[in-house]
Structure formats: C-alpha cells, structure tokens
C-alpha cells in the first residue's frame with residue numbers, strides 16, 4: 001500500500017487556505033499513485049485552536065471544510081484531523097478526531113481517547129474522550145488509527161485508564177496510523193521516537209506517524225514525521241522545521257532493508273534551538289501579516305543573538321537595530337553593536353537617550369530631592385528606550401522583538417514596560433548559558449557576532465561599572481539551580497540535598513517566585529524547553545510558598 005505523508009504548516013482558523021493546501025496534497029498524492037494520504041492532528045482547524053472551539057461558527061466552518069476535502073477523495077483515501085461533534089447530550093460537545101475519507105465521503109471517525117491535560121496541553125477543556133476504538137478497513141487492510149497521545153500509554157501510565165492500541169490490537173490490524181500535534185522542545189524527538197518504537201515492538205506491525213510542523217505563536221512544531229517497519233526500523237523520515245511530503249509502500253520488501261533516516265539524534269542542542277527559533281520568528285510574522293522587526297541592540301550578547309536569529313528568519317533588510325546609549329554606556333558596546341549590524345547587513349540607528357533622561361530627571365527633581373540614585377533611575381533609562389522603540393514601531397510598522405533571556409525572566413532581572421516590552425519574546429525560554437552556546441554555534445565557521453560581545457562580562461550598563469554579577473550569582477550556578485527548580489520541579493530541600501548552597505537556593509527561589517507578576521505581563525515566549533514560562537507553567541502571583 002502506497003501511503004503519502006503530508007507534513008504541513010497550517011494557520012489556525014484560515015479555513016480557506018488550510019483546505020486548499022490539504023486538497024493540493026491529496027491531488028498530488030493521487031497523481032503519484034498513492035492509495036492513502038495522512039495529515040496531522042486537527043489539520044483542518046490548525047492546532048491548538050483553544051477557545052475558538054467554543055464558537056459554533058468555528059465548528060461549522062470545520063465541518064464545511066471537511067466536506068470540501070472529502071469530495072476530493074475519489075480514487076484515494078485520506079486521514080485528516082478535525083474537531084467533530086459529540087451527538088450525546090452529556091459530556092463535552094466535541095471530539096478530537098481522525099477522520100477517514102474515501103469515495104468522496106466520511107467513511108469512519110476515530111476519536112482521540114487519551115486527552116493530555118498537562119504542561120501546554122488542556123484538551124479536557126474542550127473534548128470528550130473517545131471510548132470505543134475500531135479499526136478502519138481499506139483495500140483489504142485493517143488500520144489502527146490513533147491520535148497523538150493515544151500511543152503514549154505504552155507503559156500503563158496511571159494517568160489513563162485505557163490503552164487505545166490495546167483495544168485496537170484485538171482486531172489484528174495490519175498497521176498503525178498516528179496523527180499528531182507534538183510540540184517541539186530540544187529533547188522531544190528522542191522521547192517521541194522511543195514511544196513510537198516501543199509501540200511497534202509491542203504490537204509487531206508497521207507504524208505511520210505524521211506530525212505538525214510550524215509555529216503557532218509560542219508553540220513550535222518540528223515535524224519529523226516517519227514510518228517504522230514491523231522491526232521498528234525507520235524506513236522514511238520527513239524533514240525537521242519545514243513542510244515536507246513523501247510516499248512509501250509500507251509493505252514493500254525494500255522496507256526490510258531500510259536506509260538510515262535523518263534524525264535529530266546527531267544534531268546538537270544548539271542547532272535544534274537555533275532552527276526552532278528561526279522558524280518561530282518567521283511563522284509568527286508571516287501568519288500575523290507582519291514583515292519587519294525592530295529591536296534595541298545594546299552591544300550585549302542577548303540582543304546580538306536575537307538580531308542574528310531575526311535576520312535569518314525575516315531577512316536582514318527587514319530587521320532594524322537601534323542603539324540607545326546613555327551616559328553609562330561604554331563606547332565598545334556601541335562599536336560592537338554597529339559591527340554586528342554591519343556584519344549582517346541590517347539597517348541601524350544610534351539614538352542617544354541622555355538628553356531625554358536629563359529632562360525626566362529635571363521633571364522629577366522636586367519629588368526625588370534628598371534621595372540617592374537607585375533602581376528608579378535605572379528603570380527610567382530602560383523605559384525611555386522602550387518608548388523610543390515603540391514610537392519607531394508605531395510610526396513605521398515594525399514589531400518590537402523582546403530580547404530578555406530565561407535566566408533574567410526567572411529572577412525578575414528586567415524592567416516592566418522597559419526591556420521586557422515586545423510583541424514576541426525570542427529568548428525567554430533560553431538560559432543565559434545557552435545564549436553563549438548559541439552564539440558559539442553561530443560563530444562556528446566565521447565571526448558574525450563580535451568576539452568582544454561574547455567575552456565581556458554581561459552588564460545592563462544602567463549605572464557606572466555595573467555588572468550582572470553585582471545582582472546575580474554566576475550564570476553557570478544560577479542556571480543549574482533554575483533548571484532543577486523550573487524544569488525538574490525540585491524544591492529547596494531537594495536542591496540543597498544535591499549540593500547547592502542553602503542560602504543561595506533560598507535567595508534564588510525567592511527571586512523566581514516573587515517575580516511571577518512580571519512574567520504575567522511579558523510577551524509570548526517561543527518554547528524550546530520541556531518547561532517554559534507561559535501556558536505550560538501556571539503559578540499564582542500571590543502566594544507564600546518560598547517567599
């Protein structure tokens with residue numbers, strides 16, 4: 001059986017274009033003699049549609065698109081993901097379904113049984129879990145059709161009370177199809193592949209897996225769709241971070257001697273994060289109809305990395321760098337910023353802020369009389385820069401990129417309505433130590449980011465001689481504690497037990513928890529880690545724990 005895998009990049013709610021793209025790939029697969037073409041989870045609506053699923057008009061348009069797609073399925077079958085209506089009065093109104101289309105109509109529905117409700121997932125909010133699992137029949141083959149999480153109960157996960165594949169296996173299927181919307185993080189592909197391999201080894205039949213690709217605001221999907229033969233060997237692998245398509249006869253004798261498939265196993269973490277962020281920026285701008293970005297380029301490492309990533313995503317001519325030196329800025333920071341902009345070919349401006357700062361200082365003099373220079377004056381500088389950047393954004397149609405990293409966001413080392421402004425946070429899920437590694441990856445063949453930017457001690461340059469180390473522990477130590485607390489959810493006692501200094505642990509965790517109110521007001525963060533700030537980490541602002 002010739003099966004086409006259509007790994008597509010969709011736009012949530014763009015029913016006209018989504019339907020055209022799906023129909024295009026069906027017609028292409030038919031022209032290439034495929035018997036069946038498989039698309040990702042909720043491909044008709046785009047994933048995740050979230051509360052759009054509560055609008056009856058949105059669901060009506062999903063059903064209309066589904067009928068239009070079905071008409072194209074003449075002489076070929078397709079499996080597409082789509083929300084479908086639950087006819088029962090009790091329970092949720094919708095199912096998350098894999099729809100089997102053939103002969104110009106819907107021939108069977110296969111509802112997702114395991115609905116993830118953890119981290120970035122909230123599917124019980126919208127969907128009723130499927131409780132009956134039946135194979136599709138096509139061209140004399142029985143097909144076990146599953147949706148993403150349905151294959152993830154391989155180890156009898158106590159979170160779930162059923163294993164859909166165990167139920168489907170009772171019908172002796174010939175192969176498995178799994179349509180998915182599995183978001184990227186830098187460890188996900190290895191985890192995902194181990195789950196798929198475990199399923200094939202358990203049930204002893206081939207598996208066709210088709211994943212989403214592209215960015216949906218903060219969620220990034222890496223693709224990596226694949227086919228595994230009955231020996232759990234990869235016989236086909238689609239690309240990562242790009243739309244892709246291919247056809248394979250899954251029962252051909254040649255699949256017993258598969259060629260090595262491309263994989264992220266041999267790709268560095270830095271390259272994965274780099275490629276994911278470039279895709280995330282590009283899709284955010286394209287899907288919202290934006291063309292140009294702007295950012296404050298300080299001469300520091302975070303803004304330098306953001307400029308490189310944005311220029312690769314949007315083209316250097318579409319990314320405007322603005323240097324905003326104050327009386328505390330060093331000349332080498334300005335020089336480094338200029339050198340980087342010229343290396344990349346990005347347009348840039350130098351707009352000193354000292355005059356504006358002095359004006360505000362004079363305005364506030366009656367109120368500030370008798371006080372000493374402190375964080376108030378530092379924050380004025382950061383907010384002045386944001387005012388200028390947003391003025392340019394409004395005047396010329398730029399979208400401001402936020403350049404804060406995860407380490408800073410974690411401990412509140414940033415100014416609300418200042419350097420925390422922006423339309424999208426590029427590095428908000430990238431620790432400072434990872435920022436350095438990414439810059440090393442970018443400079444692996446030639447110097448793009450000036451070496452001085454990388455080697456000099458990091459500083460906000462908001463007062464004379466300021467360094468990050470004045471306020472924060474060394475990033476090598478800070479990031480290790482943050483990772484254990486945020487990603488691994490280790491509490492203070494556990495952190496001390498594995499060797500971290502107790503006083504430092506208390507200090508850092510207090511900074512993290514008392515800064516939650518700041519993170520509630522930051523832009524969406526491109527997610528590249530297993531636990532990012534935002535929708536996947538929901539903590540109360542007003543809480544006593546560790547404060």
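Since every read-out is calculated from the coordinates, none of them should be taken as a lab result. Please read all numbers here as calculations on a predicted model, not as lab measurements. Reconstructed Cβ throughout: ideal geometry from the backbone, glycine too, with neighbour counts over all protein chains shown.
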For residue 501 and residue 269 in one chain, what is 0.36 nm times their gap in residues minus the Cα-Cα distance, to one decimal in nm? 80.7 nm
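Please express the shape of the chain as an equivalent ellipsoid: the semi-axes are the square roots of 5 times the eigenvalues of the C-alpha gyration tensor, given largest first in whole angstrom.
Over the Cα atoms of the chain, the semi-axes work out to 47, 25, 22 Å.
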Work out Dmax and Rg for the range 72-180 from the C-alpha atoms and quote the Rg first, both in angstrom. 14.0, 43
Relative counts (whole %) of C-alpha pair distances in the range 276-374, using bins that are 5 Å wide: 3, 12, 20, 17, 13, 11, 10, 7, 5, 2, 0
Compute the distance from the alpha-carbon center of the range 502-521 to that of the range 1-77, in whole Å. 44
If I take every Cα pair under 8 Å that is 6 or more residues apart in the range 2-259, average their sequence separation and divide by the length, what percent do I get for the relative contact order? 18
Among 403, 514, which comes first, second and so on when ranked by fewest other beta-carbon atoms within 10 Å? 514, 403
Per-residue ellipticity at 222 nm for the chain, helices alone: DSSP H runs ≥ 4 residues times -39500 (n - 2.57), over residue total, nearest 500 deg cm²/dmol? -11500 deg cm²/dmol
Rounded to whole Å and ordered largest first, report the semi-axes of the equivalent ellipsoid of the range 106-246 derived from its Cα gyration tensor (root of 5λ). 22, 19, 15
Can you give me the angle between helix 269-288 and the longest principal axis of the chain, using Cα atoms only, in degrees from 0 to 90, rounded to the nearest 10? 90
At 7 Å along the Cα-to-beta-carbon direction for both residue 474 and residue 50, put a label point, then send me their distance in nm to one decimal. 4.0
Binned Cα-Cα distances of the range 411-547, short to long, each 5 Å bin given as a whole percent: 2, 8, 16, 20, 22, 17, 9, 4, 1, 0
With Cα atoms, 0 to 90° folded angle of helix 331-344 axis to the chain main axis: 30
C-alpha long axis of helix 432-442 to longest principal axis of the chain, angle in °: 70
When ranked by the protection proxy of mean other Cβ atoms within 10 Å per residue, highest first, what sequence do the peptides 115-123, 318-326, 28-36, 210-218 form? 210-218, 318-326, 28-36, 115-123
Using a Förster radius of 25 Å, what is the FRET efficiency between residue 122 and residue 545 based on their Cβ-Cβ separation? Nearest 0.05, please. 0.60
Fraction of alpha-carbon pairs in the range 181-247 farther than 17 Å apart, rounded to whole percent, equals 40
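Just order 50-63, 283-296 by mean Cβ neighbour count inside 10 Å, highest at the front, would you?
283-296, 50-63
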How big is D, in µm² s⁻¹, for the range 14-152 by Stokes-Einstein at 20 °C and 1.002 mPa s if Rh is the Kirkwood radius over C-alpha pairs? 140
Distance from the range 438-462 to the range 202-257 (C-alpha centre basis), Å: 37
Express the C-alpha Rg of the range 474-547 as a ratio against the empirical globular expectation 2.2 N^0.38 Å, rounded to two decimals. 1.10
Counting only C-alpha contacts under 8 Å and six or more residues apart, can you give the relative contact order of the range 84-201 as a whole percent? 21
Cα-derived Rg to Rh of the range 271-468, Kirkwood definition: 0.96
Listed highest first by mean packing, meaning other Cβ atoms within 10 Å per residue, what order do 516-526, 424-434 come in? 424-434, 516-526
Rg/Rh over Cα atoms for the range 2-259, Kirkwood Rh, comes to 0.93
Debye calculation, C-alpha points only, no solvent: report log10 I(q)/I(0) for the range 22-93 at q = 0.22 Å⁻¹, in the same order as the q values. -0.95
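What fraction, in whole percent, of alpha-carbon pairs in the range 347-395 exceed 14 Å separation?
58
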The residues 134, 84, sorted from fewest to most surrounding Cβ atoms within 10 Å, come out as 134, 84
Remind me, relative contact order of the range 271-468 in percent, using alpha carbon pairs under 8 angstrom and six or more residues apart? 25
